[in-house]
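First comes the structure, then the notes that go with it.
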Amino acid sequence: MDDNRILKVSELTANIRTLLEGCYPFVRVAGEISNLSQPASGHLYFTLKDSHAQLRVVLFKMQRRYLAKEPRNGMEVVCLGRISVYEPRGEYQLIADTLDFRGAGSLQQSFEALKARLAAEGLFDQAQKRPLPFLPGHITLITSPQGAALHDFLRVARRRFPGINIAIYPVAVQGEQAASAMVAALDQIRSEIQTDVLVLCRGGGSTEDLWAYNDEELARAIRRGTVPVVSAVGHEIDFTIADFAADLRAPTPSAAAELLLPEQSALHKAVSTYAARLQRQVEHKLNQADRHLHFAWQRLRAMPHPVESLLLRVDQLRNNLERGFNRQLEVQVQQVTRLEQRLQACSPRHALTRQGNDLALLENRLLRAGENILLENEQRLRRALAVLQAVSPLATLSRGYAVARKKDAPQTIIRSAAQVTPGEALELLLAAGRVECRVEATLPDEEASIGSILKGTA
């Protein structure tokens with residue numbers, strides 16, 4: 001800065017504000033409340049003091065509703081907020097986001113120590129933040145599939161840009177193993193999945209519930225790789241180490257979707273507006289160049305001794321100019337066409353077509369599988385029938401055997417000569433028909449054995 005330059009009061013105040021807000025984006029200040037004021041606007045104004053100094057503090061109405069209790073003069077509190085300058089009076093003040101009436105406990109002390117150490121390493125350096133794409137083609141959410149945060153993100157994303165490709169990587173977001181699970185997820189996604197943006201997504205909760213996002217290894221995993229990371233953890237008043245390490249901190253999961261995705265209808269309108277504006281500008285420049293050339297042509301024709309070479313040169317320059325403008329117009333039209341094609345590719349109609357094709361493919365596979373199952377069952381049934389036929393008594397009867405039973409007691413099957421007496425009526429069941437007969441005599445077992453019968457038949 002030039003030491004001899006004379007600054008206006010407003011310029012100096014603005015410079016001081018920029019320096020203070022850059023040096024203290026977030027700060028925790030402990031002290032005693034005094035001079036508490038509660039105007040009709042709902043905002044809170046008070047002085048935070050200790051034995052040696054005091055600081056003006058403002059807590060706006062939107063943040064006031066999240067307080068655990070109403071502040072009073074004389075209370076010892078810890079204010080979380082950012083330093084700013086009220087330029088009309090040239091006074092610096094603390095714009096508080098929340099008040100901790102319990103003071104800084106062990107968890108908070110650990111949080112502040114880790115934050116200070118990582119900040120000293122440059123892990124939170126704004127210059128190292130990776131830029132986010134204007135319109136990401138693929139977004140990966142690292143979150144719990146059962147949480148309300150996931151549904152909030154998807155609801156806003158589908159409203160703002162339907163058809164956007166969103167993948168969900170399920171992890172635990174609370175507990176002792178949550179931090180290591182998220183670290184593993186970040187590393188695996190970067191090595192195996194093509195994505196444009198990674199989003200750490202979780203709803204609100206207590207300090208203990210959100211403690212997994214205050215892990216040192218998670219902060220370092222966020223900074224690894226080239227894919228930008230968005231932290232959408234908790235509510236607007238919740239801050240974690242992951243928020244500082246991420247390339248973008250979103251106050252809520254819904255706000256993350258709004259920050260990442262533009263309104264599709266607004267984008268269509270903007271493209272159409274830019275295309276029309278470009279067309280008008282090109283036409284204006286062409287018309288302007290044509291008028292200049294026409295004027296020069298007229299001047300040349302009015303000369304007493306026109307030079308033919310100059311006339312030819314003018315024609316050549318005119319043709320070159322027209323070709324140059326036409327090429328520029330063609331390039332711009334191609335860019336607009338590519339943007340329109342990209343928008344069309346994200347249309348839900350294409351997604352529905354792909355899903356319809358997938359459904360038809362699955363239907364054909366189901367039909368083929370059903371036909372194969374029916375064919376297999378038919379073959380099994382035929383094999384069972386063959387086995388059943390082989391062991392069926394009818395098959396035995398067809399080979400020349402008969403079943404003998406008493407005529408007066410059909411349920412009694414004759415298996416031995418001792419079961420009948422001479423003169424008793426019998427019924428023989430054959431493979432085809434029945435035979436009624438009477439017992440003439442009974443023979444001993446050795447005379448009526450199967451072997452002798454087979455020998456006799458032989």
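The values are calculated or read from the model by the stated rules, or taken from the named source; none is laboratory data. Bear in mind that the values here come from a model prediction, so they are computed numbers and not experimental data. As a convention, Cβ positions derive from the backbone with ideal geometry for all residues, glycine included, and neighbour counts pool all protein chains shown.
Before we move on, is Ala149 among the small types (Gly, Ala, Ser), part of a helix (DSSP H, G or I), in the same structural domain as Ala256 (by TED's automatic domain parsing) and in contact with a Pro (Cβ under 9 Å, 6 or more places away or on another chain)?
Against the criterion (among the small types (Gly, Ala, Ser), part of a helix (DSSP H, G or I), in the same structural domain as Ala256 (by TED's automatic domain parsing) and in contact with a Pro (Cβ under 9 Å, 6 or more places away or on another chain)), Ala149 qualifies.
Can you tell me how many residues in the stretch 191-222 are of a type in the set (D, E, K, R), closer than 23 Å to Leu118 by Cα and surrounded by fewer than 22 Cβ atoms within 10 Å (Cβ to Cβ)?
We begin by selecting, within the stretch 191-222, every residue of a type in the set (D, E, K, R); these are 192, 196, 202, 208-209, 215-217, 220.
Adding the requirement that they be closer than 23 Å to Leu118 by Cα leaves 202, 208-209, 215-217, 220.
Filter once more, keeping what is surrounded by fewer than 22 Cβ atoms within 10 Å (Cβ to Cβ): 208-209, 215-217, 220.
Selection size over the stretch 191-222: 6.
Quick one: Ser34 ticks every box in (1) surrounded by fewer than 16 Cβ atoms within 10 Å (Cβ to Cβ); (2) assigned to a loop (DSSP other than H, G, I, E, B) except a single one, so which number is it?
(2)
Which count do you get for residues in the stretch 377-426 that are under 17 Å from Thr442 (Cβ atoms), free of Cβ contacts under 8 Å to residues at least 24 places away in the same chain and of a type outside the set (S, T, N, Q)?
Summing the residues that are under 17 Å from Thr442 (Cβ atoms), free of Cβ contacts under 8 Å to residues at least 24 places away in the same chain and of a type outside the set (S, T, N, Q) in the stretch 377-426 gives 10.
Within the stretch 67-77, can one find any residue that is at pLDDT 90 or above, in the same structural domain as Pro25 (by TED's automatic domain parsing) and buried (at least 18 other Cβ atoms within 10 Å of the Cβ)?
We begin by selecting, within the stretch 67-77, every residue at pLDDT 90 or above; these are none.
Within the stretch 67-77 (the criterion being at pLDDT 90 or above, in the same structural domain as Pro25 (by TED's automatic domain parsing) and buried (at least 18 other Cβ atoms within 10 Å of the Cβ)), the answer is no, since none of the residues qualifies.
Does Asp125 fit the bill of being surrounded by 16 or more Cβ atoms within 10 Å (Cβ to Cβ) and of a type in the set (Asp, Glu)?
Details: surrounded by 16 or more Cβ atoms within 10 Å (Cβ to Cβ): no; of a type in the set (Asp, Glu): yes.
So Asp125 fails the test.
Within the stretch 108-127, which residues are in contact with an Asp or Glu (Cβ under 9 Å, 6 or more places away or on another chain) and modelled with pLDDT of 90 or more? Don't jump to the end; show me each part of the working.
Just the residues of the stretch 108-127 that are in contact with an Asp or Glu (Cβ under 9 Å, 6 or more places away or on another chain), to begin with: 108, 114, 117-119.
The answer is Leu114, Arg117, Leu118, Ala119.
Return the residue satisfying two criteria in turn: it lies in the stretch 137-148 and is modelled with pLDDT of 90 or more and touching a Cys at 6+ places or on another chain (Cβ under 9 Å), and of such residues it is surrounded by the most Cβ atoms within 10 Å (Cβ to Cβ).
Filtering first and then ranking leaves Leu141.
Looking only at residues that are of a type outside the set (S, T, N, Q) and surrounded by 13 or more Cβ atoms within 10 Å (Cβ to Cβ) in the stretch 389-406, which one is farthest from the chain's Cα centre (by Cα)? Break it down into steps so the answer makes sense when it comes.
From the stretch 389-406, those of a type outside the set (S, T, N, Q) are 390-391, 393-395, 397, 399-406; that's our starting set.
Cutting the leftovers down to surrounded by 13 or more Cβ atoms within 10 Å (Cβ to Cβ) gives us 395, 397, 402-406.
Working: Ala395: 68, Leu397: 73, Ala402: 77, Val403: 76, Ala404: 79, Arg405: 79, Lys406: 82 Å.
Top of the filtered list is Lys406.
Look at the stretch 16-27 and say how many of its residues are more than 34 Å from the chain's Cα centre (by Cα) and exposed (fewer than 14 other Cβ atoms within 10 Å of the Cβ).
Number of matching residues: 3.
Just the residues that are surrounded by fewer than 14 Cβ atoms within 10 Å (Cβ to Cβ), at pLDDT 80 or above and farther than 25 Å from Ile139 by Cβ, please, taken from the stretch 258-289.
Within the stretch 258-289, Arg277, Arg280, Gln281, Glu283, His284, Asn287, Gln288 meet the criteria.
Do you know which residues across the stretch 1-31 are over 30 Å from Glu76 (Cβ atoms) and part of a loop (DSSP other than H, G, I, E, B)? It would help to see each step written out before you state the result.
In the first step, residues of the stretch 1-31 are kept if they are over 30 Å from Glu76 (Cβ atoms); the result is 1-15, 18.
Result: Met1, Asp2, Asp3, Asn4, Arg5, Ile6, Leu7, Lys8.
Condition check ((1) among the small types (Gly, Ala, Ser); (2) out of contact with any Phe, Trp or Tyr (no Cβ under 6 Å at 6 or more places or on another chain); (3) assigned to a helix (DSSP H, G or I)) across all residues:
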site: Gly163; (1), (2), (3): yes, yes, no
site: Ala167; (1), (2), (3): yes, yes, no
site: Ala184; (1), (2), (3): yes, yes, yes
site: Ser191; (1), (2), (3): yes, yes, yes
site: Glu236; (1), (2), (3): no, yes, no
site: Phe244; (1), (2), (3): no, no, yes
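Out of the residues in the stretch 153-186 that are charged (D, E, K, R) and over 12 Å from the mean Cα position of the chain (by Cα), which is nearest to Arg342 (Cα to Cα)? Break it down into steps so the answer makes sense when it comes.
Step one: list which residues in the stretch 153-186 are charged (D, E, K, R), which gives 155, 158-160, 176.
Okay, now just the ones that are also over 12 Å from the mean Cα position of the chain (by Cα), so 159-160, 176.
Working: Arg159: 18, Arg160: 16, Glu176: 43 Å.
Among them, the one singled out is Arg160.
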